[in-house]
Amino acid sequence: MKKNITYKILENHLVRGELTSDAEIGIKIDQTLTQDSTGTMVYLQLEAMGVTEIKTQLSVAYIDHNTLQTGFENADDHEFIKSVAAKYGIVYSKPGNGICHQLHLENFANPGGTLIGSDSHTPTAGGMGMLSIGTGGLDVAIAMASGEYHLKVPKVLNIYLTGALSPWVSAKDVILYILKKLTVKGGIGKVIEYSGEGVHCLSLTDRATITNMGAELGATSSIFPSDSITKQYLIAQGREEDWVEIKADDDAFYDETITINLSNISPMVAKPHSPDNVDFISTLPNLKVDQVLIGSCTNSSYKDLMKVAAILKGKKVHPDISLGISPGSSNILKMLADNGALGDMISAGARILECSCGPCIGMGQAPQSNGISLRTFNRNFCGRSGTKNADIYLLSPEVAALSAINGYLVDPSSLGEEILIDEPAYFPKDKNYFIFPEDGNKTLEVKMGPNIKPFPINTELIDLLKGTVVLKTLDNITTDDIMPSNAKLLPYRSNIPYLSIFCFNTIDEHFENKCQMYKGGFIIGGDNYGQGSSREHAALVPLYLGIKGVIAKSFARIHKANLINSGILPLEFVNPTDYELIDETDELKIDNIINQLKNKKDITINNLSKGTSFTVKFIGSNRDIEILLYGGYLNYTKTNLEGLRNE
């Protein structure tokens, strides 16, 4: 069979299983990345496994989420991560260095390699032809300990690009157009692989913008070929030796192919409150704006920010607009400072923010009450900005800059020639924000501040489960809904007991009290339960509160894996209409759950409150079932890790 890029990389890294559709396989992981919001849990889990050395070629710990130090909590987390990095030989990226995905693209990502990261936007590196997958933190910890990651062989969706981008149309418009076409569920269980002559009009960072927001499609990963454009970028970054050509075979097999003519795409915008609520900007004339924010791992590259600087040069930010700009890396910021672009931004009235995720994850710059904020970010879930009644729109850096000057959303289609920016032949490199360890030293002391609390560990699954329905949710519940992430809560990502107070509190402010009252129980969910961020806190906090299972119409990939990793049963309705027959406070009972899981039979759940029953199913591998029986992936791994070490 002629192979696509995805299968070529999987085959080259295959260590367990067979590369057949829907089979579970184990692949060798070359690199891992963490960020500080999820990293403390990763490294606590690594320590809990008793690991003495890591098995990846490269692991990097980035500090980019919780960089505001309004108390000791974030600083303590950073010291903990730095000390673990020194112990295990992990590269440490200091606060201020930049956003993990932009930094990894510049410094470490390589075509044909494998990368997993404890951040859902890890597929950004797919713009370079690297198979990059966002996972929960425990998956990263175990990959570091064993060198492996297990997944179901994904289907491969080929998006065949023809034509070329019209003036004022950017890579951001391309991925928004795809989100409009496929929705936030369109990529579930798939790797999205790009091909066609249209690929060649996209720069390396254009491609990274598209693969970054493949996470919003629910895709396992997204990937582009590694070609002459990839090579040019790596040469400019001083990493020519990392380049290899990677392309699909002629007539390669794909499970599905969609053709998109880039020439037909116009400037797009995602309206509140979902990344797939996409429309043409021309449909929103005279939309008055209060705030504009430019940056994030999606759109903070040199090329993006140079376009912004060129638009702002000699202009003035509208008096009613607050414009904030956060460069993606310290090297990009230095280049902007050296070439005068930073001065143009400041002269126009822009606020220059730290090189970090910042407002994208609710860490500062919350809009005013009922404000309208235009952002170049990747998510616009309700309340994610820090202001629940604000309306967040997602769009390109060019449109954001034009709108900041005019005070309203600007459709640039009629502006004539666009601003073109040439990629530099060489990116000056200053690596003073990195700490490169010599060798891991297992005798080094790990520094743990008082805010770092142990994470919850489940017990072995018992055969009789009984509990109360403590919450019933709608479709497309996000991990932000489950475990809110904002400037007030982010410093406590190492403190599960404290976070538990706020679990689901934007949906039901009494959720934590109900869990206390009923000693945990069950959650009933709709379609695509758990979409969004990879944060495993959205599983660990419910585990701490005693949640035994989540029964939903369907699950988002990463969150389902995190539930399994925590030993929480993710069960799906056999008949989705049964969802309507269950209410909060209903008492549910499951008998003989262990045998039903092992035999892969439909599972009967008795609703004791209503005197009825309904059936659910567990969709997963034999290994997933074993993990659930052990009470989670950590228990499973501690039992089996010695065997992996000896293989």
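Each residue of segment 228-245 is assigned a 3J(HN,Hα), and the resulting list reads 5, 5, 4, 4, 4, 5, 5, 4, 5, 8, x, 10, 4, 5, 7, 7, 9, 7 Hz, derived from the Karplus form 6.51 cos²θ - 1.76 cosθ + 1.60 (θ = phi - 60°), x at Gly and Pro.
For segment 465-646, the extents of the C-alpha atoms along the principal axes are 49, 44, 27 Å, listed from largest to smallest. Amide hydrogen proximity for Gly147: with H placed 1.01 Å from N in the peptide plane, the residues at 5 or more positions away or on another chain lying under 5 Å are Lys55. DSSP assigns beta bridges within segment 268-412; of those with both partners inside it, close to 30 percent run antiparallel. Computed over all pairs of different Cα atoms, the Kirkwood value for the hydrodynamic radius of segment 236-322 is 18.0 Å. Axis angle, to the nearest 10 degrees, between helix 36-48 and the longest C-alpha principal axis of the chain: 40 degrees. Using every pair of separate Cα atoms, the Kirkwood estimate puts the hydrodynamic radius of segment 354-499 at 20.7 angstrom. Here Ser609 and Glu509 are evaluated by their C-beta separation; at R0 = 30 Å the FRET efficiency comes out at 0.80. In nm, to one decimal, how far is the modelled label at Gln368 from the one at Glu580, with both set 7 Å along Cα→Cβ? In this crude spin-label approximation the distance works out to 4.5 nm. Residues whose amide H comes within less than 5 Å of that of Val278, counting only those at least five positions distant or on another chain, are Lys271 (H built at 1.01 Å from N in the peptide plane). The simple Förster model, with R0 at 25 Å and r as the Cβ-Cβ distance, assigns His200 and Glu417 a FRET efficiency of 0.75.
For the listed residue pairs Lys553/Lys598; Lys2/Lys185; Lys271/Lys388; Lys185/Lys553; Lys28/Lys55, the alpha carbons are over 18 angstrom apart in Lys553/Lys598; Lys2/Lys185. Note on segment 268-412: semi-axes of the ellipsoid equivalent to its C-alpha gyration tensor, largest first and rounded to whole Å, are 22, 16, 13.
Ordered from longest to shortest, the equivalent ellipsoid semi-axes for segment 5-264 are 31, 21, 17 Å, each the square root of 5 times a Cα gyration tensor eigenvalue.
Within the shell of other residues whose beta carbon sits under 12 angstrom from the beta carbon of Ala350, the net charge comes to +3, with Lys and Arg scored +1 and Asp and Glu -1.
Given an 8 Å cut-off on Cα distances and at least 6 residues of separation, report the relative contact order of the chain as a percent. Let's see the in-between values first.
Details: 1617 pairs, mean separation 93.7, N = 647.
Computed value for the chain: 14 percent relative contact order.
In order along segment 207-220, the Karplus-derived 3J(HN,Hα) couplings, from 6.51 cos²θ - 1.76 cosθ + 1.60 at θ = phi - 60°, round to 4, 5, 4, 5, 5, 4, 7, x, 4, 6, 7, x, 6, 4 Hz, and Gly and Pro are given as x.
The order of the peptides 574-584, 199-209, 67-77 by mean Cβ neighbours within 10 Å, most packed first, is 199-209, 67-77, 574-584. Considering helices alone, the calculated mean residue ellipticity of the chain at 222 nm is -8500 deg cm²/dmol, with DSSP H runs of length four and up weighted by -39500 (n - 2.57) and normalised per residue.
Distances between placed amide hydrogens fall under 5 Å for Arg16 paired with Gly26, all partners being 5 or more residues away or on another chain. With a cut-off of 13 Å between beta carbons, the residues surrounding Arg535 carry a summed charge of -3, where Lys and Arg count +1 and Asp and Glu -1. The ellipsoid equivalent to the alpha-carbon distribution of segment 131-287 has semi-axes of 27, 21, 16 angstrom, derived from the gyration tensor eigenvalues as √(5λ) and listed largest first. Annotation: lysines with alpha-carbon distance below 16 angstrom to Lys429 (same-chain offsets under eight excluded): Lys94, Lys334.
What list of whole percents do you get for P(r) of the chain, with Cα-Cα distances grouped in 10 Å bins up to the one holding the largest distance? Calculated over all Cα pairs of the chain, the distribution is 3, 17, 28, 28, 17, 6, 1, 0 percent.
Highest mean first, what order results for 269-278, 608-617, 334-343, 422-431 on Cβ atoms within 10 Å? Mind dumping the intermediate values first?
Numbers: 269-278: 20.5, 608-617: 14.5, 334-343: 16.2, 422-431: 11.9.
So the peptides 269-278, 608-617, 334-343, 422-431, ranked by packing, come out 269-278, 334-343, 608-617, 422-431.
Computed log10 I(q)/I(0) for segment 336-440 at 0.13, 0.14, 0.15 Å⁻¹: -0.69, -0.78, -0.87, from the Debye equation with unit scatterers placed on every C-alpha and solvent omitted. So if we plug the beta-carbon distance of Lys313 and Gln232 into 1/(1 + (r/R0)^6) with R0 = 35 Å, what FRET efficiency do we get, rounded to 0.05? Efficiency, rounded to the nearest 0.05: 0.85. Mean separation of Cα pairs under 8 Å and 6 or more residues apart, divided by the residue count, gives segment 341-486 a relative contact order of 19 percent. Figure legend: label point modelled 7 angstrom from the Cα of Ser263 along Cα→Cβ; residues of segment 165-204 with amide N under 11 Å from it are 165-166. Expressed as a whole number of Å, what is the distance separating the alpha-carbon centroids of segment 404-455 and segment 236-259? Each part reduced to its Cα centre gives a spacing of 25 Å. Phi angles across segment 540-550 convert, under the Karplus curve 6.51 cos²θ - 1.76 cosθ + 1.60 with θ = phi - 60°, into 3J(HN,Hα) values of 5, 5, x, 4, 4, 7, x, 5, 8, x, 10 Hz, Gly and Pro given as x.
Just so you know, all these numbers are worked out from the coordinates, no wet-lab data involved. Remember, it's a predicted structure, so these values are computed and weren't measured experimentally. Here Cβ is always computed from backbone atoms with ideal geometry, including for glycine, and neighbour counts include all displayed protein chains.
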